[in-house]
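Please read the structure below before turning to the comments.
The values are calculated or read from the model by the stated rules, or taken from the named source; none is laboratory data. Please read these numbers as outputs of a predicted model, since none were measured by experiment. Cβ sites come from the backbone with ideal geometry, for glycine too, and all protein chains shown count toward neighbours.
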Ligand code: ACO
């Protein structure tokens, strides 16, 4: 326990709502199929001019407003994303420019849907020892730009948006991040979850613009992995606390990929599903965005109060999975 506490949360979403019925006009699917297999009813999709850094900057401004801090107070910005505005510069630098956080160090972090929890853990590790007192951690995506809109296996699942949290070192060791647990398995065969083509596939002489990026996924394998990874992320993070048990955790904020994965995790942990906060029906899977968006949603609904213990748990491509336990 280092005395690093979340003092503000925020989200930034595209205004455009795309329902399952809208998607059924694009690919051969139905609202019934998407709802029963995933729980998703609608999602937000960016307009042509909107980017990951736009959503990240809006989420950051909302989090700063809640935390009642100005942008100059931020020492560090980490943006977790798999859909950066561009390869260079980093999306965190673009967010920095948009919010005027001129004193911040900035870098991006890629751990797919585990990215926000990875980001919290990295910031927690840097505070206060590396001169960081206030950190802004963002999970932000524009996944609509890396989807094959003719592939019904993927385009019904993913969406756009960002969430953010302000982490501040206040030295109060009764509250804040109690533990973090980060895992990865780069040996997972075959490419269960990738964006194709990769930079490695591009012609060095420059046909960069001629290939469309698209998420490719072996849904069944990712499903089985998620069912294992989510409970392990929660239990692993609990195991790194000073004796916090699952019964002490008021709310679990999981990666919002699929309602059936959350159902299975609840069974595996032997707790009621009501202990999980779920908002995937409204926003779909925004990868690194889901956990901070859900955190802000739960926070603004008044579901997290001072002293409450919450868990956040993510899993995704890499494979990666990660958990954290926080006393609010
Ligand atoms: N609409 C209608 N039918 C569909 C659709 C669709 N959108 N997508 C697939 N189908 C069909 C398939 O073609 C298949 O038909 P067939 O039996 O004639 O071949 C049938 O539905 C069943 O397909 P399955 O893949 O067996 O369906 P499943 O029950 O496994 O559900 C799903 C698919 C929802 C993708 C599920 O596997 C899943 O959620 N996997 C996890 C995905 C996930 O969480 N990914 C994100 C990870 S996080 C990250 O890092 C980004």
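Give region 279-306 a look and list any residue that's surrounded by 18 or more Cβ atoms within 10 Å (Cβ to Cβ), within 16 Å of the ligand (Cβ to nearest atom) and outside any helix (DSSP H, G or I), or say none.
Hits for region 279-306 are 284, 285, 286.
Could you check region 269-278 and list, in sequence order, the residues that are within 16 Å of the ligand (Cβ to nearest atom) and either more than 14 Å from residue 309 (Cα to Cα) or in a loop (DSSP other than H, G, I, E, B) (or both)?
Residue satisfying the conditions is 278 alone.
Can you spot a residue in region 1-19 that is touching a strand residue (DSSP E or B) at 6+ places or on another chain (Cβ under 8 Å) and within 10 Å of the ligand (Cβ to nearest atom)?
no
Taking the residues in region 307-320 that are touching a helix residue (DSSP H, G or I) at 6+ places or on another chain (Cβ under 7 Å) and assigned to a strand (DSSP E or B) as candidates, determine which candidate is nearest to residue 227 (Cα to Cα).
315
So in region 25-40, with the set limited to residues that are part of a loop (DSSP other than H, G, I, E, B) and surrounded by fewer than 17 Cβ atoms within 10 Å (Cβ to Cβ), which one is farthest from the ligand (Cβ to nearest atom)?
Among those that are part of a loop (DSSP other than H, G, I, E, B) and surrounded by fewer than 17 Cβ atoms within 10 Å (Cβ to Cβ), it is 25.
Run down 156, 132 and say which single residue is in a loop (DSSP other than H, G, I, E, B) and away from the ligand (no atom under 15 Å from the Cβ).
132
Within region 116-165, take every residue that is over 30 Å from residue 25 (Cα atoms) and modelled with pLDDT under 95 and give me the one that is surrounded by the most Cβ atoms within 10 Å (Cβ to Cβ).
Here the residue is 128.
Results for (1) more than 16 Å from the ligand (Cβ to nearest atom); (2) within 23 Å of residue 1 (Cα to Cα); (3) part of a helix (DSSP H, G or I), shown as yes or no for each residue.
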| position | (1), (2), (3) |
| --- | --- |
| 22 | no, no, yes |
| 55 | yes, no, yes |
| 60 | yes, no, yes |
| 64 | yes, no, yes |
| 89 | yes, no, no |
| 95 | yes, no, yes |
| 98 | yes, no, yes |
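Which number in (1) in contact (Cβ under 8 Å) with a residue 60 or more places away in the chain; (2) more than 18 Å from the chain's Cα centre (by Cα) marks the one condition that residue 275 misses?
For residue 275, the exception is condition (1).
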